[in-house]
Structures are given as C-alpha cells and as structure tokens.
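Peer 1: One structure, pasted below without further comment.
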Amino acid sequence: MDSQRIVVVGSLNMDFVVSVEHLPAPGETVLGSAFRMLPGGKGANQAYAAARLGGRVAMAGRVGYDLFGDQLKAGLAAAGVEIGEVHATRSGPTGVALIWVDRTGQNSIVVASGANATLTLAEEAARRLFRGAGIALFQLETPLATVAAALAAARAEAVRTVLDPAPAQPLTSELLGRVDVLTPNESEALILLGKPPGRIPAEERPGVARALRARGCGTVILKLGDEGCFVAGSGGERHLPALAVTAVDTTAAGDTFNAALAVALAEGEPLEAAARFANAAAAVSVTRAGAQSSAPSRPEVEALLGQSPAS
Ligand code: RIB
C-alpha cells in the first residue's frame, strides 16, 4: 500500500513548437522565429511534472515503434516515472502536437494522436496499476472508452480520481460521476455544460461550478489562467488568485497545475492548500518555454508560494 503513489493514464506526444509574433488567422501564413522538438502530451506532462515535484508516479500510455516513442519514454524514466505500462504499438506512430506560441505566451495546438488513440487497459491490468495508489490523473487525449473504464477501475480500488477534461468534449453524467475532482479551464467548463467556449465572468463562476457538480463530480476546480482558480467542493467555494509572473509560454500550465495538485493531495494536503500549491506550480511553468521543459522543481514552487500573501 502506497497511498502517496500517483497513477497517470494518458497521452505522450512529441511537440513541434514554433515561436511566432502572432497566431495565424485562417488562410494566413506567418513566419516563425524558432523551432524546437520538445517532449509533451497531456498525460506525460502531468506524469513528468508530478515526478519532478517529488511524487511517486506510474504512467499507462502508448507510443509507436519509433525514435520519438523511445525518447519520450526515456525522458519519463529519467525523471523517475514508472513506465511499465507505457507500451509501444505497431498500430500507429507516436503522437505529435504542432504548437504555435505567440509573443504573449498564448498558444494554438493541433494534436495528431497516433498511438495514443490505441490505448486500452484490460480491467485486471488497470486494477493492478491502481491498487494501493492515492491519486489517479486522467485527461481526454486517449480514447474516451478507455478513460471511462480506467476511472471505474480506479474507483473500484478506492483511488481518488482527478479528470482534466482537455481537449474539451461533451461527457456523460455516468462518467462525471466517477470523478472526484474535475479541473476544467473556462472553455472546457462551458462546453461540458453545452455552452459556447469563452471566458466566464467572475460572478458566474459559482453557478458554473455548481452546475458541473450537479452532473456528478465531487469537487470542481475551474482553472482561470492568469486569474488563478476557483475551487468548489463540499467544504465551500473560494477564488484563489494567481501568483504574479511574466508569462513566456503557457503550454502545459494546466498539466503542471494538475500534477502539483495530485502531489499535494497525495501527501495529504487539504483541497484548498493543494490548489494553492498547484497555482504556484503553474505560475512557475509559464515563465519557461515548452511543456515538460517548463516543469518546476519543488524549491521553486515553495519559494514562489512563500512570497505570496495568503488571501
Ligand atoms: O497541454 C499541453 C499539451 O497538449 C502539449 O504538450 C501537447 O502535446 C498537447 O497534448
């Protein structure tokens, strides 16, 4: 039994990142200034960042039989992530993501899922993976049926489940009923409620969070980017402001948030303290380029938290 163990079920991508002055409009060609290939994928980003923050992490995922797959697995293993359930498949290449980052740090991302779309987890293997763990992290870059089945297996093993509903898609109340902590950004929250994506005015955040909780998930943490997060659970509702930093690349800020949240929850922190830790980790991550390459160390997060006034 290792209730501090974190299990991540999700995607691994090689990110092809280009810096641009502004994001291209439909039909527009823009000249980029730099190109980099960096490890990414929402699942792998969460696993990597959690391990870097001191979490004991195991991941389940799929890569292709190719160089990118080998590189992504090696990067996770070097960070200390158990990758025994990250298998190579001949059914597709390793996933890739094409990412543009503008001068303000905002991005656009297109994912070619490749091997990620073949991820399945047999019930026995899933139960073994989750057995004795404290927290399970999920996102939506792998097949929905796999996510639904893995959520059920995690629940059956009494593991606390955290779902990052990204990329956004409608979800059934049956699936949301297996989620202990749902962490949408504003657009994802609105899409889950059948509304057009966009920002949520401050006065409407409690209503959105309650509407999502009414669909079955225990706690909702709305991720608000440079405005921090809004936490709504059985213990009440609270806005936690973001920490002030200069953003250069917001890619994987949400993944870093979830990783840090999981680490703090696995260590037994209460929800609000865990969300503050997650806010700080996400803030550090946006000050650096890339996804896994921006994941903060524990002392960096603690230093930033130490500077912030309690609110
Ligand atoms: O959340 C950021 C991630 O989304 C990138 O690393 C990219 O791979 C896409 O999955």
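Peer 1: Find the eigenvalues of the gyration tensor of the Cα atoms of segment 183-248, then list the square roots of 5 times those eigenvalues as equivalent ellipsoid semi-axes, largest first, in whole angstrom. Each step should come with its number before you reach the end.
Peer 2: Values: eigenvalues 78, 43, 17 Å².
Here the semi-axes work out to 20, 15, 9 Å.
Peer 1: What's the magnitude of the charge dipole for segment 32-101 around its Cα centre, counting Lys and Arg as +1 and Asp and Glu as -1 at the beta-carbon? Answer in Debye, nearest 20.
Peer 2: About 120 debye.
Peer 1: Any idea of the accessible area per residue across segment 1-120, 1.4 Å probe, to the nearest Å²? Before the final figure, lay out each step's value.
Peer 2: Numbers: 5500 Å² over 120 residues.
Counting only protein heavy atoms, the per-residue value for segment 1-120 is 46 Å².
Peer 1: Also, I was wondering about something else. Which of the peptides 267-277, 240-250 is most tightly packed, and how do the rest follow, judged by the mean count of other Cβ atoms within 10 Å per residue?
Peer 2: In descending order of packing, they fall as 267-277, 240-250.
Peer 1: What nm value, rounded to one decimal, do you get for the distance between S33 and V18 when each label is placed 7 Å out toward the C-beta?
Peer 2: Going from the S33 label point to the V18 one covers 1.6 nm.
Peer 1: Provide Rg and Dmax in Å for the chain, with only Cα atoms included in the calculation.
Peer 2: For the chain, the Cα radius of gyration and maximum Cα-Cα distance read 18.0, 55 Å.
Peer 1: Accessible area per residue, 1.4 Å probe, Å², for segment 196-244: what's the number? Intermediate results must be reported in sequence, preceding the final value.
Peer 2: Values: 2330 Å² over 49 residues.
Solvent-accessible surface per residue comes out at 48 Å².
Peer 1: Now, a different point. At a 1.4 Å probe, what is the % contribution of carbon and sulfur to the accessible area of the chain?
Peer 2: Summing carbon and sulfur atoms, their accessible area is 55 percent of the total for the chain.
Peer 1: In square nanometres, what is the average projected area of the Cα convex hull of segment 180-293? Could you put the intermediate results ahead of the total?
Peer 2: On the way: hull surface 27.5 nm².
Its average projected convex-hull area is 6.9 nm².
Peer 1: Taking Cα centroids, how far is segment 1-32 from segment 96-130 in Å?
Peer 2: 9 Å
Peer 1: Right, another one. Calculate how large, on average over all directions, the projected area of the Cα convex hull of segment 94-146 is; give the answer in nm² to one decimal. Could the numbers behind the result be given before it?
Peer 2: Values: hull surface 21.1 nm².
Average projection, Cα convex hull of segment 94-146: 5.3 nm².
Peer 1: Moving on. Work from the charge dipole of the chain (Cβ charges, +1 for Lys and Arg, -1 for Asp and Glu, about the Cα centre) and give the residue of S294, G114, G236 farthest towards its positive end.
Peer 2: It is G236, whose Cα lies furthest towards the positive end.
Peer 1: So what is the relative contact order for the chain, in percent, with contacts set as C-alpha pairs under 8 Å and at least six apart? Mind showing how you got there, number by number?
Peer 2: On the way: 748 pairs, mean separation 56.1, N = 311.
For the chain, the relative contact order is 18 percent.
Peer 1: OK, next. What's log10 of I(q)/I(0) for segment 2-139 at q = 0.12, 0.14, 0.19 Å⁻¹, Debye sum over Cα points only, no solvent?
Peer 2: For the requested q values the scattering log ratios are -0.51, -0.66, -1.04.
Peer 1: Same structure, new question: Return the FRET efficiency for the residue pair R298, L98: r is the Cβ-Cβ distance, R0 is 35 Å, and the value is rounded to the nearest 0.05.
Peer 2: Working: r = 32 Å, r/R0 = 0.91.
Step by step, r from the Cβ atoms, then E = 0.65.
Peer 1: If you count only protein heavy atoms with a 1.4 Å probe, what accessible area per residue comes out for segment 264-311, rounded to a whole Å²? Please report the intermediate quantities before stating the final value.
Peer 2: Numbers: 1850 Å² over 48 residues.
Heavy-atom SASA per residue in segment 264-311 reads 38 Å².
Peer 1: Out of the DSSP beta bridges found with both residues in segment 1-91, what percent are antiparallel (nearest 5)? Don't skip to the answer; put the middle values down first.
Peer 2: Values: 8 of 19 bridges.
Looking only at bridges with both residues in segment 1-91, the antiparallel portion is about 40 percent.
Peer 1: Could you work out how far apart the two model spin labels at L193 and Q307 are, taking each label as a point 7 Å from the Cα in the direction of the beta carbon, and quote it in nm?
Peer 2: 3.4 nm
Peer 1: In the calculated pair distance distribution of segment 137-247, what percentage of Cα-Cα distances lie above 18 Å? The partial results should precede the final answer.
Peer 2: Details: 2850 of 6105 pairs.
Percentage above 18 Å: 47.
Peer 1: Which value at 222 nm does the chain reach when only helices count, each DSSP H run of 4 or more adding -39,500 (n - 2.57), with the total divided by all residues and rounded to the nearest 500 deg cm²/dmol? Before the final figure, lay out the partial values.
Peer 2: Values: 10 runs with 104 residues, N = 311.
After summing the helix terms and dividing by residue count, I get -10000 deg cm²/dmol.
Peer 1: Could you point to the residue in A133, S11, A168 farthest towards the positive end of the chain's charge dipole, with +1 and -1 charges on the Cβ of Lys/Arg and Asp/Glu respectively?
Peer 2: About the Cα centre, the residue reaching furthest to the positive side is A133.
The values are calculated or read from the model by the stated rules, or taken from the named source; none is laboratory data. Computed from a predicted structure; not experimentally measured. As a convention, Cβ positions derive from the backbone with ideal geometry for all residues, glycine included, and neighbour counts pool all protein chains shown. Surface accessibility is based on the protein's heavy atoms, side chains included, excluding ligands, DNA and RNA. Shrake-Rupley method; radii C 1.70, N 1.55, O 1.52, S 1.80 Å.
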